[in-house]
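What follows is a set of notes on a single structure, which appears directly below.
What follows draws every value from the coordinates through simple rules; no lab data is involved. If you're wondering where the values come from, they're calculated on a predicted model, not measured in any experiment. Methodologically, a virtual Cβ is constructed for each residue, glycine included, from the backbone with ideal geometry; neighbour enumeration extends over all protein chains shown.
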Amino acid sequence: MAARPAPYLDELNPAQREAVEALDGPVLMLAGAGTGKTKALTARIVHLLRMGKARPNEILAVTFTNKAAREMKLRVGRMLGEVAEGMPWMGTFHSLSVKILRRHAELVGLKSNFTILDTDDQIRLLKQLIVAANIDEKRWPARMLAGMIDGWKNRALTPERVPSSEASGYANRGTELYAQYQERLRTLNACDFGDLLLHCVVIFQGHPDVLAQYQRWFRYILVDEYQDTNVCQYLWLRLLAQAHRNICCVGDDDQSIYGWRGAEVGNILRFEKDFPGAHVVRLEQNYRSTPHILAAASGVIAGNAGRLGKTLWTDVKEGEKVRLIGHWDGEEEARWIGEEIEALMRGGRGLDPVGLDGQAILVRASHQMRAFEDRFLTIGLPYRVIGGPRFYERQEIRDAMAYFRLAVSPEDDLAFERVVNVPKRGLGDKAQADIQRTARMAGVSLLEGARELVATGGIGGKGAGQLRAFVEGIDRWHALTRHEGASHIELAEMILEESGYTEMWQNDKTPEAPGRLENLKELVKALEQFDNLQGFLEHVALIMDNETEEAGEKVSIMTLHAAKGLEFPVVFLPGWEDGLFPSQRSMDESGLKGLEEERRLAYVGITRAEELCTISFASNRRVYGQWQSQLPSRFIDELPTAHVEVLTPPGLYGGGFGAAAPYAVSSSMDERVSKADVYNSPGWKRMQDRVQTRGVSTPREARGVVIDATAVSAFSEGDRVFHRKFGYGIVIGLEGDKLEIDFSKAGIKKVVAGFVVDADD
Ligand code: ATP
Ligand code: MG
């Protein structure tokens, strides 16, 4: 038989081809970053279809983010070209689970139109249970309970299955509250995130006929980022795959970064046990990064014990060394990175011009993002925050969504609570408590409780009429969601109008109101991409990363966790400071587990870069409103010297770049860059000198030392100053020996001039 042309195979190396062509039976592809695992997985889907092994809907591909699923769909579509007749099931564990669960919701006591709760709702619900159980919420915070419940769900433990040894965790009542919480969710016809998977596992385990149906359905299963699956996800996969064993998992133990969410690298090791005879493929050629970048990443990850171990090589041309630079504070770091990004756009630093889409800033903690956002807004540099504070988390959006939720599922009590008196309907605390009680006593939803109260005249005052209108509104909107011909977009607009919600913001005189109205319009616009309200609500519940996109190139700002699987020509890794990265928590922990996970995160970060990787740290940083002096990260010590270039801190030689510290670079790969190298660089010394001439010996002491009396005349309005107690601020007035200062944290204060230093020179 003549081979059909298959360009997607020609693009692969022999090891990748091996993994793609071993179509039947279990396959495990275990390989380092950038070796083309995702590429091979995508080619495998195409190959399955091309070889006639499966129809599109018989293939199930699990990715880690919705974004990754979308990308894979695009690529598969492109590779398939004309053959495409439908698409495989591609999505995250969560999005795939929702689809399955909607079809069998009744098996776990839900209706198919169940709502998906977000963390906010979850916490609110838990608080109610905690209060009802007479537990001191201050001592035993709801968040703690939420964390425990998530942990159990990640391990596929329903309340009955939680080992008794773990019951003592939360005031000895953890499992009891967990059971109550599950019960409450059922009456609300709702699920939290963990439930989506857990319910599927429970259904598969308890209903062999349903399981068999899906096993027949999903004849080929593929999983990307396998190292980050937790026990529940693992069971989900194993149940689906155990009959036909056609499962292909790809992953990298060195990139396992979700241990804190219950991911278990051990799943990789278990794979060969659960699927004996698995075809194991190793890939060693990295196609993404330059040798310097790869060597730096390898140098760092070498510090971890207990790795499966692997070799990586590349024949990409040598390129630039990994750059390392220290800054005075986080703001200076942001300013410098902003300038670098613009310089790289114009084609500087020995590289061809790199557009904004090709540049990314990867932070350890999301609070680091603010400095970049502020800076980029100031200089007008377009950026996007991936996984940051999301559009859908804004108050007006959440309110509007609550209205939509009520229209789709009128028994959604959390949504009811949220908007019953928004806008104000004259329903005070007492009226709301009456609704709650009526509903509880009759065992019905709040909507029904309210209906009852209205009918029996149990509610007085002007609230009565308005509550009646609210109840009738929900009935009408709900009827319309089920009406075939009705447009969901018009319905959404109607809901916002009739409920008085839009009007509420139109009458609002606060400066934010116009923006909120804009956002509501944006929300209705977003509906256009969906067939109905339910589909939209589902989408919003599922998007974990910010996926609303406007046109134009933008720098990406995201956490290291969100950067998994992605690649950029230029990557900035700011904030490499002990306590930030590695995180304080990982450093405080006994044992090395946390620290090793942080190190893997460093490895993930460096290996996102194709051509240029810049690591930076600051000596001072404001963390949750507190100024702190910082020490460079211990991971900096682990960077192999030969692959790193230490840059001079800016602002010392007139914005000087390029005057790299001429410290002795060792040619031995094993030698590490030490903090001493950084501190001994002339630039760093100059910075220290500068600090010393101001009467402060080190950055650490800068905050604790009273500076010699400085005359008021040394300052003028608009100066940026630093005060040892109040932090940074701007001078807004001069008076005698006092300065009036608007502190960014402490507000406006009058202080003696001698107690502040100019922050900018
Ligand atoms: P990560 O571990 O970071 O998820 P990965 O192993 O999934 O990485 P891919 O993202 O699939 O790696 O591939 C990395 C880059 O290398 C991509 O740009 C991809 O197109 C390219 N690549 C992969 N395999 C080949 C190949 N055989 N020939 C040329 N380029 C390749
Ligand atoms: Mg990948």
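What translational diffusion coefficient, in µm²/s and rounded to a whole number, does the Stokes-Einstein relation yield for segment 392-541 at 4 °C and a viscosity of 1.567 mPa s, taking the hydrodynamic radius as the Kirkwood radius over Cα pairs? Estimated diffusion coefficient is 82 µm²/s. Taking label points 7 Å from Cα along the Cα-to-Cβ direction, ALA133 and HIS367 give a separation of 2.9 nm.
Over all directions, what mean area does the Cα convex hull of segment 115-188 project, stated in square nanometres? Display every interim value, and only then the final one.
Values: hull surface 18.7 nm².
With the hull built on Cα positions only, its mean projection is 4.7 nm².
Counting only residues at least eight positions apart within a chain, or on another chain, the aspartates and glutamates with an alpha carbon under 16 Å from that of LYS317 are ASP352, GLU610, GLU611.
Amide H contacts for ILE361 (H built 1.01 Å from N in the peptide plane; partners 5 or more residues away or on another chain; cut-off under 5 Å): SER556, ILE557, MET558, PHE572.
With a 10 Å Cβ neighbour count serving as the proxy for reagent exposure, in which order, fewest first, do LEU446, LEU9 appear?
Numbers: LEU446 24, LEU9 16.
So the ranking, lowest neighbour count to highest, is LEU9, LEU446.
Taking the fewest neighbouring Cβ atoms within 10 Å as the starting point, the ordered list for SER165, SER445 is SER165, SER445. Size descriptor for the chain, Kirkwood hydrodynamic radius: 29.2 Å (Cα pairs only, one decimal). For LYS749, the lysines whose Cα falls under 19 Å of its own Cα, not counting residues fewer than eight places away in the same chain, are LYS725, LYS738.
Cross-link list LYS67/LYS525; LYS37/LYS153; LYS127/LYS509; LYS111/LYS554; LYS509/LYS554; LYS67/LYS509: which exceed 31 angstrom alpha carbon to alpha carbon? Can you show the working numbers first?
Details: LYS67/LYS525 20 Å; LYS37/LYS153 29 Å; LYS127/LYS509 33 Å; LYS111/LYS554 42 Å; LYS509/LYS554 34 Å; LYS67/LYS509 38 Å.
From the list (LYS67/LYS525; LYS37/LYS153; LYS127/LYS509; LYS111/LYS554; LYS509/LYS554; LYS67/LYS509), the Cα-Cα distance tops 31 Å for LYS127/LYS509; LYS111/LYS554; LYS509/LYS554; LYS67/LYS509.
3J(HN,Hα) along segment 402-413: 4, 4, 5, 4, 4, 5, 6, 10, x, 8, 6, 5 Hz, from the Karplus curve 6.51 cos²θ - 1.76 cosθ + 1.60 with θ = phi - 60°, whole Hz, x for Gly and Pro. Applying the Karplus relation 6.51 cos²θ - 1.76 cosθ + 1.60 with θ = phi - 60° to segment 138-150 yields 3J(HN,Hα) values of 5, 7, 10, x, 4, 4, 5, 5, 4, x, 5, 5, 4 Hz, where x marks Gly and Pro. Can you bin every Cα-Cα distance in segment 309-430 into 5 Å intervals starting at zero and give me the percent of pairs per bin, rounded to whole numbers? P(r) for segment 309-430, in whole percents per bin: 2, 8, 13, 13, 12, 9, 9, 9, 7, 7, 6, 4, 2, 1, 0.
Relative contact order of the chain, taken over Cα pairs closer than 8 Å and 6 or more residues apart, is 14 percent.
Counting other beta carbons within 10 Å of each residue's own, what order do CYS248, CYS191 fall into, fewest first? Don't skip to the answer; put the middle values down first.
On the way: CYS248 29, CYS191 25.
Lowest count first: CYS191, CYS248.
How many percent of DSSP beta bridges within the chain run antiparallel, rounded to 5? Walk me through the numbers before you get to the answer.
Working: 26 of 74 bridges.
Around 35 percent antiparallel, to the nearest 5.
For the listed residue pairs LYS138/LYS430; LYS99/LYS424; LYS310/LYS593, the alpha carbons are over 32 angstrom apart in LYS99/LYS424. At an R0 of 56 angstrom, the distance between the Cβ atoms of ARG476 and LYS317 translates into a FRET efficiency of 0.25. Computed over segment 157-242, the quotient of the alpha carbon radius of gyration and 2.2 N^0.38 Å is 1.28.
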